[in-house]
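Before any comments, here is the structure.
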Amino acid sequence: TLYQILINTDMDDVSKLIITGSGGPFRGFSSKKLENVTLEDAINHPIWDMGKKISVDSATLMNKGLELIEASYLFEINEDKIEIIIHPESMIHGIVEYKDGTMNAGISMPDMKYPISYALNFPNKANLNFKRLNLALVKSLNFEEVDKSVFKSIDISRYALKEGHCFVISLNAINEVAVEYFIKRNIKFNSITSILEEAMAKIVINKVNTLEDIFMIDKEARTITRQIINIGNF
């Protein structure tokens, strides 16, 4: 969505990119309320029908943290110019704010067929018989801030992005291991973020010049994460 808006845009005119997210199945939950949620709760997304791993990422909001990292690299924009907001209806999929204060938004039904069609038919638009959004029937569009005290994945992602490639690679690996353990019911849901924080604190800067460097950093991060889980009480 952001690419569609930005394709003919001078990035010097852009003041902010806004990535939207539904908030997942635990939108509005407190940390206390999250203590006893189950795998079934986490993968029961209110909008999207996805696999277990990405459903859990959506529940922790790590999917938005990863999208923040992707957008920063793809559009060559600093992380402090990318905002994540919760939009429960999932009809507005991305917003670009310009330096004059105006905004452009990408709006459609919450259906992955739209972005997939755009990618497959680029640079053209295919005339597809998808369900269309009827704005006259949309009663309201709501937005709210992310509760960063509960959903810490986005701030952890910002930290990784500011620290550089090694930390971004490690973040992805750590998250994959933690989510794997949760899906296997070996750790609690809240432990995913705790493990992210603890493992990220143990990452040291390594050069990233080759594909082998990436594989090595990924492997080390996974090893660190498993060690933390095996000796911890998660």
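The values are calculated or read from the model by the stated rules, or taken from the named source; none is laboratory data. If you're wondering where the values come from, they're calculated on a predicted model, not measured in any experiment. Ideal geometry is used to build each Cβ from the backbone, glycine not excepted, and the neighbour counts take in all protein chains shown.
Side notes on the structure shown:
Results for (1) crowded, with 17+ Cβ neighbours inside 10 Å; (2) closer than 27 Å to LEU137 by Cα; (3) aliphatic (A, V, I, L, M); (4) not assigned by TED's automatic domain parsing to the domain that holds SER194, shown as yes or no for each residue.
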residue	(1), (2), (3), (4)
ILE7	no, no, yes, yes
GLY28	no, yes, no, yes
ASN36	no, no, no, yes
LYS52	no, no, no, yes
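- Test: residue in the stretch 88-100 that is surrounded by fewer than 17 Cβ atoms within 10 Å (Cβ to Cβ), closer than 18 Å to LEU2 by Cβ and modelled with pLDDT of 95 or more: yes
- The set of residues from the stretch 1-35 being among the hydroxyl-bearing types (Ser, Thr, Tyr), in a loop (DSSP other than H, G, I, E, B) and under 21 Å from SER72 (Cα atoms) comprises THR1, THR9, SER22.
Each row is one residue, and each column tells you yes or no for (1) among the aliphatic types (A, V, I, L, M); (2) over 15 Å from the mean Cα position of the chain (by Cα).
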position	(1), (2)
GLY28	no, yes
LYS33	no, yes
ALA59	yes, no
MET103	yes, yes
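- For GLU76: the one exception among (1) of a type in the set (D, E, K, R); (2) surrounded by fewer than 18 Cβ atoms within 10 Å (Cβ to Cβ); (3) in contact with a strand residue (DSSP E or B) (Cβ under 8 Å, 6 or more places away or on another chain): (3)
- Residue match in the stretch 202-209 (condition: surrounded by 13 or more Cβ atoms within 10 Å (Cβ to Cβ) and outside any loop (DSSP other than H, G, I, E, B)): no
- Any hit, the stretch 128-135, residues being under 17 Å from ALA71 (Cβ atoms), touching a strand residue (DSSP E or B) at 6+ places or on another chain (Cβ under 7 Å) and in the same structural domain as GLY28 (by TED's automatic domain parsing): no
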